[in-house]
Amino acid sequence: MLYEGRLGVELSVDKRAAVVLAMAWGLAARSPRSLIYLPLRTARPADSANQERLLDLVLLHHRLAFPVSRWRQVRARLGAGRPHGVRLPPQAFRQRPDADQRRWTHQGFHDHLRWDIAADTLFLIGSREAFELEADPVRALAEDCPGHLAESPDAHCCAAINLGRMRMGYPDRRRPWAELHVEYCQHHR
């Protein structure tokens, strides 16, 4: 379930959804011609009093130059769709040095994941570099969290994905820095 909460955008995943997210993330990084659509709005919170705005998710490479304002019309023409198989290499996520992770805070760095919301859909748009810089926490959700929670069932297992550019002193007003908080839940209510 993906929703706008009081503190930003929140995504709740179970074991299967964490694997799907990691595979979609890897595809978005490696396929500059793909628009990856994950219809998540059908998930409903167990608490009927919960009034968060539910969202779908689209991951896409910035080279597509897809205008998010056209998403409502494109989604209406999608139909039911059909399953597709995608084969990613064994090392879908390259190992990145720690210095790469620190570079995104520099003013001249431009490979940030941009975000936008249109037609109840969160768009994450970026280059291969942008997706890969945020890939390790996504990969860890699928690979490490099940074992971690088996040892400590009450532990909090999550990924914090940086969105947008953090500009000290002069923030980006159109799409300011934000965070996508992805929480791994063993049991969805």
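The values are calculated or read from the model by the stated rules, or taken from the named source; none is laboratory data. Only a predicted model underlies this, so the values are computations on that prediction, with no experimental measurement involved. Neighbour counts run over all protein chains shown; Cβ positions are idealised from the backbone, glycine included. All accessible areas refer to the heavy atoms of the entire protein, side chains included, with ligands and DNA or RNA removed. Shrake-Rupley method; radii C 1.70, N 1.55, O 1.52, S 1.80 Å.
Taken over the range 140-178, the criterion of being open to solvent by 10 Å² or more (accessible area, probe 1.4 Å), at pLDDT 85 or above and small (G, A, S) is satisfied by A140, A142, G147, A150, S152, A155, A160. Does P137 meet the test of being assigned to a loop (DSSP other than H, G, I, E, B) and at pLDDT 75 or above? For P137, the condition - assigned to a loop (DSSP other than H, G, I, E, B) and at pLDDT 75 or above - is not met.
Going through (1) within 18 Å of V138 (Cβ to Cβ); (2) at pLDDT below 90 one by one, A24 falls short only on (2). Could you please let me know if A17 is of a type in the set (A, V, I, L, M, F, W, C), open to solvent by less than 40 Å² (accessible area, probe 1.4 Å) and modelled with pLDDT of 90 or more? Considered against the rule, which asks whether it is of a type in the set (A, V, I, L, M, F, W, C), open to solvent by less than 40 Å² (accessible area, probe 1.4 Å) and modelled with pLDDT of 90 or more, A17 comes out as yes.
Taken over the range 118-127, the residue count meeting the criterion of being touching an Asp or Glu at 6+ places or on another chain (Cβ under 8 Å) and either hydrophobic (A, V, I, L, M, F, W, C) or farther than 14 Å from V9 by Cβ (or both) is 5.
In the range 104-128, the residues that are open to solvent by less than 10 Å² (accessible area, probe 1.4 Å) and assigned to a loop (DSSP other than H, G, I, E, B) reach residues that are at pLDDT 95 or above and not charged (D, E, K, R) with C-beta atoms within less than 7 angstrom, at least six apart or across chains, in these pairs: L113/L124. Applying the criterion of being in a helix (DSSP H, G or I) and under 19 Å from A28 (Cβ atoms) to the residues of the range 71-87, the residue that is least open to solvent (accessible area, probe 1.4 Å) is W71.
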